[in-house]
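A.B. asks: If you scroll down you'll find the structure; I have some questions about it.
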Amino acid sequence: MSGAASRWAIVALDQGSSRSRAVLFDLSGKPLARADAPLRTNSPKPGWFEHDPDELLNGVRAVLQKIMREARRLGRTPVALGLANQRSTFVCWNRKDGRALAPAVSWQDRRAHDHLNRWSGPDFVAKTGLPLTPYYSATKLAWLLDHFKKKRQPTRDLLCGTINTFLIWHLTEGQVHRTDPTNAARMLLYHLDRNDWDPDLLDHFGIPRTILPDVLPTQSVFGEAVIDRVRLPITCSIGDQQASLAGLGGLRSGMANVNYGTGGFFLVNTGSKRVAVPGLLSSIAWSNEKETTYLVEGTVNGIGPLFTWLRDLGFIRSEREIDAACAKSRERIFFLPALIGLGAPHWDNQIKTSLFGLTGACRKEDLVRGAVEGIAFLMADINRAIRVEGSIPVRKIIASGGGSQIKHLVQTQSDLFGKPITTTHDPESTIRGAAFLAGEAVGAVDRCRFQFSPPKETFIPQIKKAEREERYRRWKQAVMLAKGW
């Protein structure tokens, strides 16, 4: 590496549901500087979840500006910017002045739930890899466009996109309206096999093609960001879960990530082959001009909200108390956590949180343990769907996210999977993945020498197959009873 190249660096941004974070990495993946800005989630009505686009954008600009100044102080030259972001959340804005026309509607938002029957019909899974649910952007965007019409709000200069698109447009000073497949695919409008917006689905939802961005591969030039008067090429745009898989080193087929964050996700890299698993999502992991890598994904709704609920009820004061509560538990109950419905492979938005096996001997510690094990059972439902499909070898599982620090959760997950699970408590796996892909896109980063998230601890199954199958049989019975209610 030349002397000049040895001072190169990569800037990466992770824009999530609760904060925006930027990190400056050297070319080996070592973090050199960090900056954070909080982001509020507003809930003006039950089931509605929104962000203030101005607060979001100002936070992103502030952390990027701080990182660029730190780079100058350290004598580093940033050569690329990688963006990772919360998926499915979208913004509508005016192309003339960049002003947001409505709040950013979160992926958690369920305002379109009661209108789903209106949009049923197409084979969404075959085209988009997604089922029709209120979590993906299309239903809520159609709802918002109807709202604009009712309010007679001018839409002639309307632009729309997921959070990455909104940020790219503003960071390039309104010059670029682009997105990537990992984000486009979460809108329920993108045809995975054609690699473009599906005209029939656009017509179905009444969404004009002209308001949506062009779609480029994940590793592409998405324009030049202007940060603190410095121009920096944006060479990666990717959804946060895919970025985390990359940051964990899950670049090969069969590598899997179980992520416990605000939501829960189980992703498996399927390589160059798109695999359809009934009840699960099929999507793109990342792409460039030469190749596309696919994944299968299952989602567990509302892990963060579940822990918040337990705290609000007084069962715990913080997540740090969960392991201690589980250790004190003496009664096993079956707790189906469905505060915002069930995700994959059930896709049941009507089901309610349910508890089975309560006795007079149960205490709050048993409820906490039941909730934690309920998360692990929902992940096991996803894993079993993959096993039934049969063509996806899961070679290695890495656990990440804040919930991976709950030892009882990861141990239970290993018991139910019947496989070892390695944890990494690296809080930067998502942003590290964006940095790696951005750096690789400009030829500055070598995957053989890049430092991916380091492993911390490996959990080995501690129960035998017979016990695992009996627990899972009782779990399926609990789910069936809850659905019947």
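Bear in mind that the values in this text are calculations on the coordinates, not laboratory data. Keep in mind that this is a model prediction, so the values were computed, not measured. Backbone-built Cβ (ideal geometry, glycine too); neighbour counts: all protein chains shown.
A.B. asks: Please report the net charge: other residues with Cβ closer than 13 Å to the Cβ of residue 80, K and R +1, D and E -1.
C.D. replies: -1
A.B. asks: Sorted from largest down, what three extents in whole angstroms do the Cα atoms of segment 5-237 have along their principal axes?
C.D. replies: 57, 38, 30
A.B. asks: Under unit Cβ charges (Lys, Arg +1; Asp, Glu -1), what dipole magnitude, rounded to 20 debye, does the chain have relative to its Cα centre?
C.D. replies: Approximately 620 debye in magnitude.
A.B. asks: Show me the trypsin sites (Lys or Arg not before Pro) within segment 163-221 that DSSP assigns to loop and that have at most 10 other Cβ atoms within 10 Å of their Cβ.
C.D. replies: Sparse-neighbourhood loop trypsin sites (Lys or Arg not before Pro): 194.
A.B. asks: For a paramagnetic label modelled at 7 Å from the Cα of residue 150 toward its Cβ, which residues of segment 91-114 fall within the zone defined by backbone nitrogen distances under 15 Å?
C.D. replies: Under 15 Å, as judged by backbone N against the label point of residue 150, lie 111-114 of segment 91-114.
A.B. asks: Mind checking which aspartates and glutamates have their Cα closer than 19 Å to the Cα of residue 352? Skip sequence neighbours fewer than 8 apart in that chain.
C.D. replies: By straight Cα distance, residue 352 reaches 109, 114, 312, 373, 381.
A.B. asks: Describe numerically, in nm with one decimal, the distance between label points set 7 Å from Cα along Cα→Cβ at residue 210 and at residue 464.
C.D. replies: Result for the modelled spin labels: 7.0 nm.
A.B. asks: Taking H placed 1.01 Å from N in the peptide plane, check which residues at least 5 places from residue 286 or on another chain put their amide H under 5 Å from its amide H.
C.D. replies: Residues meeting the criterion, in which the H sits 1.01 Å from N, are 293.
A.B. asks: At each listed q (0.18 Å⁻¹), what is the log10 of I(q)/I(0) that the Debye formula gives for segment 281-390 modelled as equal alpha-carbon point scatterers?
C.D. replies: Rounded to two decimals, the profile gives -0.92.
A.B. asks: Normalise the Debye intensity by I(0) for segment 64-135, one equal point scatterer per Cα, no solvent, then take log10 at q = 0.25 Å⁻¹ and round to two decimals.
C.D. replies: Taking Cα atoms of segment 64-135 as identical point scatterers yields -1.14.
A.B. asks: Counting other Cβ atoms within 10 Å, which GluC sites (Glu not before Pro) in segment 417-485 have at most 16 and lie in a DSSP loop?
C.D. replies: In loop regions of segment 417-485 (DSSP not H, G, I, E or B), there are no sparsely surrounded GluC sites (Glu not before Pro).
A.B. asks: Kindly provide the pair-distance distribution of the chain built from C-alpha pairs, with 10 Å bins from 0 and whole-percent values in order of increasing distance.
C.D. replies: Once binned at 10 Å, the Cα pair distances of the chain give 4, 20, 31, 27, 14, 4, 0, 0.
A.B. asks: Over segment 5-237, what is the mean sequence separation of C-alpha contacts under 8 Å (at least six apart), divided by residue count, expressed as relative contact order in percent?
C.D. replies: Relative contact order here is 19 percent.
A.B. asks: If you don't mind, another one. Averaging sequence separations of C-alpha pairs under 8 Å and six or more residues apart, then dividing by the length of the chain, give the relative contact order as a whole percent. Working shown, then result.
C.D. replies: Details: 1052 pairs, mean separation 72.1, N = 485.
Relative CO of the chain lands at 15 percent.
A.B. asks: Going by average Cβ neighbours within 10 Å, how do the peptides 145-156, 46-57, 308-319 rank, with the highest at the top?
C.D. replies: So the peptides 145-156, 46-57, 308-319, ranked by packing, come out 46-57, 308-319, 145-156.
A.B. asks: For segment 138-294, what relative contact order do you get, as a whole percent, if you take Cα pairs closer than 8 Å and at least 6 residues apart?
C.D. replies: 20 percent
A.B. asks: Further question: Quick one: net charge around residue 139, please, counting Lys, Arg +1 and Asp, Glu -1 for every other residue with C-beta under 14 Å from its C-beta.
C.D. replies: +2
A.B. asks: If you count, for each residue, the other Cβ atoms within 10 Å and average over each peptide, how do 87-99, 29-41 line up from highest to lowest?
C.D. replies: Values: 87-99: 19.0, 29-41: 15.8.
Ranking, from highest mean packing down: 87-99, 29-41.
A.B. asks: Still on this model: Exceeding 28 Å between C-alpha atoms, which entries from my cross-link table qualify? They are 45/96; 328/483; 328/464.
C.D. replies: Where the Cα-Cα span goes over 28 Å, the pairs concerned are 45/96; 328/483.
A.B. asks: Could you work out the helix-only [θ] at 222 nm for the chain, with each DSSP H run of four or more residues adding -39,500 (n - 2.57) and the total divided by the number of residues, to the nearest 500 deg cm²/dmol?
C.D. replies: -10000 deg cm²/dmol
A.B. asks: Given a Förster radius of 22 Å and the C-beta distance between residue 291 and residue 5 as r, what FRET efficiency does 1/(1 + (r/R0)^6) yield to the nearest 0.05? The partial results should precede the final answer.
C.D. replies: On the way: r = 26 Å, r/R0 = 1.17.
So the FRET efficiency works out to roughly 0.30.
A.B. asks: Using the alpha-carbon atoms, what tilt in degrees (0 to 90, nearest 10) does helix 364-389 show relative to the longest principal axis of the chain?
C.D. replies: Once rounded, the angle reads 70 degrees.
A.B. asks: Still on this structure, I have one more. Can you pull out the trypsin sites (Lys or Arg not before Pro) in segment 229-273 that DSSP calls coil and that have at most 16 other Cβ atoms within 10 Å?
C.D. replies: 229, 252, 273
A.B. asks: Quick one: length gained pulling residue 332 to residue 195 fully straight, 0.36 nm per residue minus the C-alpha distance? Numbers along the way, then the final one.
C.D. replies: Numbers: separation 137, 0.36 × 137 = 49.32 nm, distance 4.73 nm.
Going from the current span to full extension adds 44.6 nm.
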